[in-house]
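Heads up: the structure comes next, in structure tokens.
The values are calculated or read from the model by the stated rules, or taken from the named source; none is laboratory data. Remember, predicted model here, so these are calculated numbers, not experimental data. So basically every Cβ, Gly included, is an ideal-geometry build from the backbone, and we count neighbours across all protein chains shown. The area values use the complete protein model at the heavy-atom level, side chains included, leaving out ligands, DNA and RNA. Shrake-Rupley method; radii C 1.70, N 1.55, O 1.52, S 1.80 Å.
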Amino acid sequence: MPGFVKVATKTDIPPGEMRSFVVDHTQIVICNVNNKYFALADECSHDSAPISDGHLDGDQIVCPRHGAKFELLTGKVTAHPAVVGIDRYEVKIDGEDILVMI
Ligand code: FES
């Protein structure tokens, strides 16, 4: 049943960092940009690289394999070689907890 699931606490993901989690059989990456949290599918749409091995670039995440970029807020592609976006998930903060809608 869809709903928000607690995935991490704020201390798990310091500002400027990201971490990968498995939630309900789905690999996701949660990114912290200036204490705003974003959750995306942790799989590049170009050649399936785990984008959590890449890095953050402002409000975008950069794939480690060939450098495609995706907007953290929407999952849309902003730089090739990927042409299709990746799934993004709604995030809710409850005190110190980070919850994600899967
Ligand atoms: S696998 Fe991500 S850009 Fe190629």
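Do you know which residues across the range 36-49 are within 14 Å of L99 (Cα to Cα) and open to solvent by 50 Å² or more (accessible area, probe 1.4 Å)?
Correct list: K36 only.
Residue-wise test of (1) in a strand (DSSP E or B); (2) more than 10 Å from the ligand (Cβ to nearest atom); (3) at pLDDT below 95.
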site: L40; (1), (2), (3): yes, yes, no
site: E43; (1), (2), (3): no, no, no
site: S52; (1), (2), (3): no, yes, no
site: R65; (1), (2), (3): no, no, no
site: T74; (1), (2), (3): no, yes, no
site: V84; (1), (2), (3): no, yes, no
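Of the residues that sit in the range 27-38 and are free of Cβ contacts under 8 Å to residues at least 24 places away in the same chain and either in a strand (DSSP E or B) or closer than 16 Å to R88 by Cβ (or both), which one is farthest from the ligand (Cβ to nearest atom)? In this case the residue turns out to be K36.
Scanning the range 8-35 for residues that are open to solvent by less than 30 Å² (accessible area, probe 1.4 Å) and not aromatic (F, W, Y) gives A8, I13, V23, I28, V29, I30, C31, N32. Within the set of pairs 6+ apart or on separate chains, which have a first residue in the range 87-102 that is farther than 14 Å from V23 by Cα, a second that is assigned to a strand (DSSP E or B) and open to solvent by 50 Å² or more (accessible area, probe 1.4 Å), and C-beta atoms under 9 Å apart? The qualifying pairs are K92/F4; K92/M101; D94/F4; D94/K6; D97/K6. One residue stands out among those in the range 59-73 that are under 16 Å from V29 (Cβ atoms) and open to solvent by less than 50 Å² (accessible area, probe 1.4 Å): the one that is farthest from the chain's Cα centre (by Cα), which is A68.
If you check D57, D47, D24, D12 for being more than 16 Å from the ligand (Cβ to nearest atom) and over 14 Å from V91 (Cβ atoms), only one passes: D24.
For T78, indicate whether it is within 16 Å of the ligand (Cβ to nearest atom) and either open to solvent by 90 Å² or more (accessible area, probe 1.4 Å) or at pLDDT 95 or above (or both).
Criteria met by T78.
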